[in-house]
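Heads up: the structure comes next, in structure tokens.
The values are calculated or read from the model by the stated rules, or taken from the named source; none is laboratory data. Values in this document were obtained by computation on a predicted structure and should not be read as measured data. Ideal geometry is used to build each Cβ from the backbone, glycine not excepted, and the neighbour counts take in all protein chains shown.
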Amino acid sequence: MIEIDTYGYTIEDQAAFDALAIHDTVPGRVIADYGGFLRVAAPNEYEAELSGTLLHSAEPHMLPKVGDWVALQLGGGNKATIRGVLPRRSEISRKAPGTAHGRQVLASNVDIAFVVQALDQDFSLMRLERYRYQLTESNITPIFIFNKADKAYDSLDMLEGVATIGSEYIVATATDGKGVEEIRVKIANRKTAVFLGSSGVGKSTLTNALLGDERQKVAEVRASDSTGRHTTSHRELFVLPSGGMIIDTPGIRELQLWGEEEFLQRSFEDIESLADKCEFRNCSHVKEVHCAVKKAVVAGILSTVRLASYLKFKTELQAQAYAKASLSAKQKKQRAHRAKKQIQLDEKLHDDGELYGE
């Protein structure tokens, strides 16, 4: 019989569920998101929708995602209603595409994130830096997987730059099983991992290899540019035979950063340390003559890719902070306007009451 702790439920989760104190509910974990509805394990599986109260009261990024623990009200058959979401231990977030300040959560309560790149035409050091930064700031351990090693003739040269990023990596060929066991042993019993990466890099093939079954549909990629179709159209959590869990996700075209500029100090300690030696405290590390960071690049101590990532991330986060501040100022102005209107309405009602002797 499957128990709820098979999905990673802990004593801490039970305490958080009890604290919600939502009557007539049981704990469950969101294991799939189909857009129109969610599938939740409690531990039997249910097709679940959000309660009206939760849907209209929670911020979009706080609505349940794959990996979330929820308070579930069971209905008839396999139907259920989600009435609350437990606090998250971790979450993978990015700036929502098409917005200046919106936040999108891709998965929650994740312990390890496998960032998959294919060693053909998908490899990008700058994109790896981007994933490493975002995952590190989300308190999630990043591990890079370089798949399709059989198709790369210069993989050793390509991987030389990975050492500058400082994250663990695994070289794999999912179609013949190379690297799969290395990945499997990283996912401890009742721990949750997630595959992230572009379309066509082999995330679903790796998921099937870990499951030992063709559970996820896979598609061929175009030989001309190694681009794959979005075969995986939804996020789904699978329990592995070894006891851990893996979340397969659709391809991500772009991971737009979400966070605060101050977080750069932790992810780019080497650059921040060099910046302390610059002549000016507000050195941009671009045009200044006596810039210690630029000198480190010339000396071969710091890679140009890493500096380019740092400068680009800083620009993105500054723009995001400005957008948030502008929104906050606008919201404050709107609240002040509404409060003024309410005071005027209260005064009018009071005056009308005195006029009519009430």
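Give Ala209, Ala174, Ala163 a once-over and let me know the one that is free of Cβ contacts under 8 Å to residues at least 60 places away in the same chain, farther than 29 Å from Asp68 by Cβ and over 23 Å from the mean Cα position of the chain (by Cα).
Ala163
Anything in region 55-70 that is without any contact (Cβ under 8 Å) to a residue 60 or more places away in the chain and under 22 Å from the mean Cα position of the chain (by Cα)? List them, or say none. Lay out the reasoning, then the answer.
Within region 55-70, the first condition is being without any contact (Cβ under 8 Å) to a residue 60 or more places away in the chain, and the residues that meet it are 55-64, 68, 70.
The answer is Leu55, Ala58, Glu59, Pro60, His61, Met62, Leu63, Pro64, Asp68, Val70.
Testing Lys65 on (1) in contact with a strand residue (DSSP E or B) (Cβ under 6 Å, 6 or more places away or on another chain); (2) modelled with pLDDT of 90 or more; (3) outside any loop (DSSP other than H, G, I, E, B), one condition comes back false. Which one is that?
(3)
Working carefully through the options Asp276, Asp248, Asp270, find the one that is out of contact with any helix residue (DSSP H, G or I) (no Cβ under 6 Å at 6 or more places or on another chain), in contact (Cβ under 8 Å) with a residue 24 or more places away in the chain and not basic (Lys, Arg).
Asp270
Could you say which residue among Gly67, Gly8, Gly52 is among the small types (Gly, Ala, Ser) and farther than 30 Å from Glu168 by Cβ?
Selected residue: Gly52, the only one of Gly67, Gly8, Gly52 that is among the small types (Gly, Ala, Ser) and farther than 30 Å from Glu168 by Cβ.
Considering Leu307, Leu311, Leu317, which residue is at pLDDT 75 or above and under 20 Å from the mean Cα position of the chain (by Cα)?
Checking each option against the conditions leaves just Leu317.
In the list Phe144, Phe123, which residue meets the criterion of being buried (at least 19 other Cβ atoms within 10 Å of the Cβ), outside any loop (DSSP other than H, G, I, E, B) and in contact with a helix residue (DSSP H, G or I) (Cβ under 9 Å, 6 or more places away or on another chain)?
So the residue among Phe144, Phe123 that is buried (at least 19 other Cβ atoms within 10 Å of the Cβ), outside any loop (DSSP other than H, G, I, E, B) and in contact with a helix residue (DSSP H, G or I) (Cβ under 9 Å, 6 or more places away or on another chain) is Phe144.
Among residues belonging to region 68-102 that are modelled with pLDDT under 90 and surrounded by 18 or more Cβ atoms within 10 Å (Cβ to Cβ), point out the one that is nearest to Ala42 (Cα to Cα). Break it down stepwise before answering.
Step one: filter region 68-102 for residues modelled with pLDDT under 90, giving 76-77, 93-102.
Now narrow it down to the ones that are surrounded by 18 or more Cβ atoms within 10 Å (Cβ to Cβ): 93-95.
Working: Ser93: 25, Arg94: 28, Lys95: 31 Å.
Only one residue fits best here, namely Ser93.
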